[in-house]
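The values are calculated or read from the model by the stated rules, or taken from the named source; none is laboratory data. Computed from a prediction, not measured in an experiment: that's the story for all the values here. With ideal geometry, Cβ positions are generated from the backbone for all residues, glycine too; neighbour counts draw on all protein chains shown.
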């Protein structure tokens, strides 16, 4: 009898833990979607697009099209396009140039495979060119974690302009971002904050 009661209590505890974990997961996912779909700010010293270009021959990458609009509206004068290979950054830069963005306004980067490394390199670029504010231009589900990494690297003036809308197909990407955001938060919590670049 006591063994049965003990097992029942154990299973109840497991169920409660799973319920709390699920609730935290759903709350984090909701925040990622809400934060990502909410643009912040309208002007910055530089805009940043990172990751593999999402267009093939005859189509366009919505992130780059958003950059072009920011430039033509006079909201952002400089851009950084980066990926883990120089070739992808070059493709993005050429696309911008073909839409009347001057080469002098574009900086290319062949950076790390993860958001943390990319954010660190972006901050180095901002420091080199004395940029104080940055606008992230990315798919909405990447915005929250990217902003967090930039904050950790000392950039406090972070704007964001999202692309894309909420679709059922994004569910697994949002789920991945929940896990990645928790992982990034734990790493940041356990490390010393970095100073703002001067």
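Among the criteria (1) surrounded by 13 or more Cβ atoms within 10 Å (Cβ to Cβ); (2) modelled with pLDDT of 95 or more; (3) assigned to a helix (DSSP H, G or I), the one residue 44 does not fulfil is (3).
Considering region 97-198, the qualifying helices (runs of 4 or more DSSP H), each wholly inside and each with 3 or more residues that are closer than 14 Å to residue 47 by Cβ, run over 115-129, 143-152.
Hey, any hits in region 157-175 for a residue that's free of Cβ contacts under 8 Å to residues at least 24 places away in the same chain and more than 21 Å from residue 36 (Cα to Cα)? Scanning region 157-175 turns up no residue that is free of Cβ contacts under 8 Å to residues at least 24 places away in the same chain and more than 21 Å from residue 36 (Cα to Cα). For region 111-123, name all the residues that are out of contact with any strand residue (DSSP E or B) (no Cβ under 7 Å at 6 or more places or on another chain) and surrounded by 14 or more Cβ atoms within 10 Å (Cβ to Cβ). 112, 115, 116, 119, 120, 123, listed by residue number.
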